[in-house]
Structure formats: C-alpha cells, structure tokens
Amino acid sequence: MEQTLRGIGVSPGIAIGPAFLFDARRVEVPKYAIEDAAAELIRVDRAIEATRADLTRLHSQTAAQLGKAHADIFNAHIMLLDDVAIREELTARITAEALNAEHILHELAQRYARVLGEAEDPRFRERTADLLDVTGHVLHHLLEAKRPNLRDLAEASIVVAHDLSPSDAASMNTEKTLGLATEVGSATSHTAILARALEIPAVVGLKLPAAAIASGATLVVDGSEGQVILNPSPETIQRYRAARDTLERRRRALQRFVTAGPARTLDGIEIPLLSNIELPIEIQHSVKSGVQGIGLYRTEYLFLNRDTLPSEEEQYEAYAAVAQALHPLPVTLRTIDIGGDKFVSHLQISKEENPQLGWRAVRFCLQSPEIFKTQLRAMLRASVHGNVQIMFPMISGLEELRQVKAVLWEVRDELRRQRIPVSRDLKVGSMIEVPSAVTLTDLLAKECDFFSIGTNDLIQYSLAVDRVNEKIAHLYEPAHPAVMRMIRWTANAARTENIPCSLCGEMAGDPLFTEALIGLGVTELSMSPIALPLVRAEIAHTNMLEAEALAKRVLRLSTAVEVRALLRERYERKGAMEAYLAQYSDESREERG
Ligand code: PEP
Ligand code: MG
C-alpha cells in the first residue's frame, strides 16, 4: 500500500526507482578457536594495511571532488586505524584467548562504541560512528568479505540507509544512484552537501526505520518537498514521472538559455545575478552559469565534517582559488556562521537550549579571536587575487558591526606591518538578517559598503519560526507582509546611502518573488546556481516601472495569502518560463533544425 514518509528535503528533484537498502555494517562475524596466534596477528596487519589503502584512496577522491576540507575526515579515520590502545588490546586478547581476530575485533569495537556513545562530551559521542566505520572496514578485510559498496550498485536505484558514513557517500556510484533517503542527517551533513553538489535528489531525517523498507520496493524521492513515497500507486508514479520529465526538459532548455552577462529587464536595467556557494566544485558550476559574481560564499563549510580547524594557509588557498576563478567579478566571502544549525563538534560549542538564538556567527567569532583573526588574515591575503568583498553574518546592531570591523582593520594593519599585500579597495558589508538590524539599516548603511539581506534567517527571527523545525514549517512564510516591509525598509536605507542591496536567502532563487523584490529596491540577487536561469527568465520579462508598481501593491496587502495570490497571478500571467521553454525546448530546436 502506498505510504508517504516525511523527512527533510536536502537536495531538490524527483527520483523514481527501486530501493537499495544499504547497511555497510551488517556482517556475520564467526567465532572459532585458533592455534597459531602469530599467523592471526599477521592477518590483522594485512587487513589494517588494506584498510589504510582504501582510506587513502577515498581521501584523494574526496579531495578532488569536494576539496581538502571534506577529505580530512579520512585522515582522522587513518589515525583511528593506528590507535595504540585498540591495537594492543586486540593483540593481547587474540594471544591470550586463542580466538579468531574478527570475533575479538567485533567485540572490542562494540564495547568502545558503547562507551563513546554514552560519553558526556559530544565530541566523543560523534566519534562512535567513525570508530564503527573504520573497524567495519578492517572486519570486512579480515573476513575477506567484500564490504558493501555503493560503487557496486547493480542497477540504477534509490539508496536507502540508516545513515551514510563519509566513506559510503564518497564511494557512491553517481551514475546509478538515482536518489538518497536516510533516517539520520541534516541539511549540512556530508551526505546532504554531496547530494546537492552532484544534483542527486535526497531526503534525510525519515521517520520510518530504513530497515522497514524492503530492498527492491518502488520508491519516489521528492527532494524538493522532503518526502519519500513507498510503494506508490500506478497513478502516483505517473504523476511523479510527468513532474520529473518536465523538470528534466526544463533543465535542458534552461541550460541552452544560459548566457553570460547580466540579466536585464525589458527596459534595460541590469540586475546582477550572483551565486551562493559552499564547496569548491560549485565554482565551475557558477562560472558556467554566467553569474556576475559570488554573492555568498558560506565559508563555514570549510569547518564542517572534520576534526580539526582549517589552517590559515588552507583557508587562504580556498578563498584565493575562488577569487582567481571569478576575477574580475566580485566574490563575497562571508565570515563563518557556525552555531545555529551548523554545529562543529571540535569547536566545543555545547548543545544549547536555543541554538538559533545562541552562540552563533559573529557572536562566536568575537569570543574566539584566534579563529576569527586567522580567518580574516586568510581572507585579506586572498583579497589581492581578485575582487574580494568581506561580509559579516548575524549583525544585530552598530556596536557589533564596529567591533567586527575593528578586528578586521587590526588584522589588516598587522599584515601591512609584515609587508603582506592586501587589496586597497576591499569592500566590507553586513548581512541584514536580524530584525533589530533592519530597524537600524539607516545607521548601518553609513558604515557598510553593501548590504545583503539574509531572508532565511530574517524570516525565522521576525516570524519567530525555527527554520529547521518541521512541525512549524508551514508558518515559515517568505510572502509574509512583515518580510516584504523589512525588505523595503532595508533597500530604502541602502538607496539613501547609495550602496548595493543584495538578497541572498532562498527567496532570491524563487522566480515567484523576482519582480516584487526588484520592485522593492533589491539591486542584486544571489542564489544557488540551479535557480539562476529561472530568475534570469523572469527578469527578462519584467519592466522596472511595473515592478515598482507591483511592490507598492504588495506593501498595501495585509496577509501572506493575499501577497502570494497576487504574486502567483502575476507570475502565471507573464509566463516567462513558458516563453523561454517554448523557445529553447528540445521540440522547438528540432523544428528549427
Ligand atoms: C540567510 O540567512 O538568508 C542566509 C543566506 O544565510 P544562511 O542560510 O547561511 O544562514
Ligand atoms: Mg543566515
């Protein structure tokens, strides 16, 4: 019977196919007596070396795919492999108990995992998965069993798992993995980031245990809506197939339509379209999409899914690479926005009652001057390689802006004293994503070179709706009149001081809002590269005077329902997307020959 399972959509798109139930750790471990302990220990050594070779390969593969920061997890795994305590206990017990290595290693791993899992310190608890991942590798080599591997998918499938470890995710066969569905995970987990970067539809946080889904059962993964449909009826399959085919046709048509250069309204006003990036591989995507720059580089992703802080050098290389690749277009490096929903275990940010209102972004940075200054040094050093702008997240008022800028100038002066070059015309801006900042935009604009409205947070804080709590997700409403007014307020303040006002929340990539946003006075839009063509089509069908009139009408409305209805009616009437699809579709190309 058809069943709809809810989760968190972390990578958009639709996948339909058979489930492949993946459980890397499920192994039958035999127990038997041995006679030759020395021979058993040689077997252990070989299995460890074979695992080291696997992990080293995964490290290079991940470094090439996602960058060095994401590959570091495998260095940590290699260190675990060399853990002296486990190794000594394993050796001693094999010799003393005269039992096979698999059995003893399995027991040891389970015991260590239990102890780690119960630890107070979250950093230890997080090591449990790493320990089981590494010992699972060794166990498979000892058993000479092939570790279940996502590279070996026999047919195109939807991978269903309790969780995917970084090594599972890294060895995924991207041709045959149609979609991903896991019980564990968040939007910032390794799996989610990889799925988005590879454009594989994915849903995490499924309520049903993965084991309840039979391998081979038909699934639909709807990564946009965050749902998985188990045993869909023929009608449901047909509906989703049609939706998937439309998406695919659109994707192809849109790729043809992408041209370099700024998007322009019907009356010739340029609206720079920029992209939001999290990973180095997204640079190429952005460049190909003809963006006018990077409007938001979420640098905290360099800090996630790893055990150590990225060094100044590593950060410098990452920022310089983006600056160089985009030169002379602007690259907006946002200082780390850690805390909130992006939890970094090795930074000892303990779990908070209200993480979204807690030790986050610049609040964390101002109290962690070493980390903050290292990042600013790396950014300033990278600034000579291109057109770099520095942006601060979660600024709530003037004191905070002045404090972070004071640290920035202190670091710049230090670099100058050391005769390390720094760009002369570095632009410094603030995200506007806290309601108090909106009310102070007239003052903030005097001390900033640009604004970027972070609607993802602005909506959560102004409507008091936690952006990662699915129970209240229906209350999270970009079309809320309060949000519209705050955007207007911010854009007006920017215009008065003659500074650009970008918008880089998810709203920027939703074509429903494009006309209203530019009418409200937003001068640039920054979004994930996948959304660029949609918004570009919308702008090309927009007249600035009409957009301003639309914004005025929107501001007179009292409810989100009214705002949405007006925007939808407008959007459908313009039919920008349809016009472009007709022009660039497979069919029209065939007709034109
Ligand atoms: C935002 O808050 O709108 C934003 C773009 O930043 P992030 O999603 O990284 O918080
Ligand atoms: Mg934000």
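Run through segment 31-74 and list the GluC sites (Glu not before Pro) located in a DSSP loop whose Cβ has at most 13 other Cβ atoms within 10 Å.
Those satisfying the criteria are E35.
With charges set only on the Cβ (+1 for Lys and Arg, -1 for Asp and Glu), what does the dipole of the chain come to about its Cα centre, in debye to the nearest 20?
Taking the Cα centre of the chain as origin, the dipole is about 1580 debye.
What does the accessible area per residue of segment 185-228 come to in Å², with a 1.4 Å probe and no ligands, DNA or RNA counted?
On a per-residue basis, segment 185-228 sits at 31 Å².
Using a probe of 1.4 angstrom, how much of the accessible area of the chain is carbon and sulfur, in percent?
53 percent
As I understand it, the dipole of the chain uses +1 on the Cβ of Lys and Arg and -1 on the Cβ of Asp and Glu, about the Cα centre. Which of P481, L366, G521 lies farthest toward its positive end?
Sorting the options by dipole projection puts first G521.
Accessible area per residue for segment 37-142 in Å², computed with a 1.4 Å probe and the full protein assembly in place, what is it?
Here the per-residue accessible area is 45 Å².
What full-extension length gain, to one decimal in nm, is calculated for Q367 and R252 as 0.36 nm per residue of separation minus the Cα-Cα distance?
36.6 nm
Which whole-number percent gives the relative contact order of segment 270-551, counting Cα pairs below 8 Å spaced six or more residues apart?
Relative CO of segment 270-551 lands at 18 percent.
How much area per residue is accessible in segment 270-551 when the probe is 1.4 Å and only protein heavy atoms are counted (Å²)?
About 37 Å² of surface per residue is accessible.
Under a cut-off of 18 Å between alpha-carbon atoms, report the lysines in cross-link reach of K446, not counting same-chain residues fewer than 8 places apart.
Reachable lysines: K405, K427.
Between Q375, A64, T496, whose Cα lies farthest towards the positive end of the dipole of the chain when Lys and Arg beta carbons carry +1 and Asp and Glu beta carbons carry -1, centred on the Cα centre?
Checked the options; the winner is T496.
How far is helix 312-326 tilted, in degrees, relative to the longest principal axis of the Cα atoms in the chain, given as a value from 0 to 90 rounded to the nearest 10?
50 degrees
Taking the 0 to 90 degree range and rounding to the nearest ten, how far is the long axis of helix 481-496 tilted relative to the main principal axis of the chain, both from C-alpha atoms?
So the inclination is approximately 70 degrees.
Considering only segment 270-551, what is the antiparallel percent among its DSSP beta bridges, to the nearest 5?
If I count the DSSP bridges inside segment 270-551, around 5 percent turn out antiparallel.
Rounding to the nearest 20 debye, state how big the charge dipole of segment 37-142 is about its Cα centre with +1 on each Lys and Arg Cβ and -1 on each Asp and Glu Cβ.
Dipole of segment 37-142, to the nearest 20 debye: 260 debye.
Is it possible to state the helix-based mean residue ellipticity at 222 nm for the chain, with each DSSP H run of 4+ residues giving -39500 (n - 2.57), the sum divided by total residues, to the nearest 500 deg cm²/dmol? What is it?
-15500 deg cm²/dmol
As an exercise, identify the trypsin sites (Lys or Arg not before Pro) in segment 89-163 lying in DSSP coil whose Cβ has no more than 15 other Cβ atoms within 10 Å.
The qualifying sites are K146.
Nothing charged except the Cβ atoms of Lys and Arg (+1) and of Asp and Glu (-1): what's the magnitude of the dipole of segment 463-517 about its Cα centre? Round to the nearest 20 debye.
200 debye
To the nearest 10 degrees, how steep is helix 234-257 against the longest Cα principal axis of the chain, on a 0 to 90 scale?
60 degrees
Straight-line reach from K471: which lysines have Cα under 16 Å away, leaving out those fewer than 8 places along the same chain?
Answer for K471, where 16 Å is the Cα cut-off: K207, listed by chain and number.
The values are calculated or read from the model by the stated rules, or taken from the named source; none is laboratory data. Remember, it's a predicted structure, so these values are computed and weren't measured experimentally. So basically every Cβ, Gly included, is an ideal-geometry build from the backbone, and we count neighbours across all protein chains shown. Surface accessibility is based on the protein's heavy atoms, side chains included, excluding ligands, DNA and RNA. Shrake-Rupley method; radii C 1.70, N 1.55, O 1.52, S 1.80 Å.
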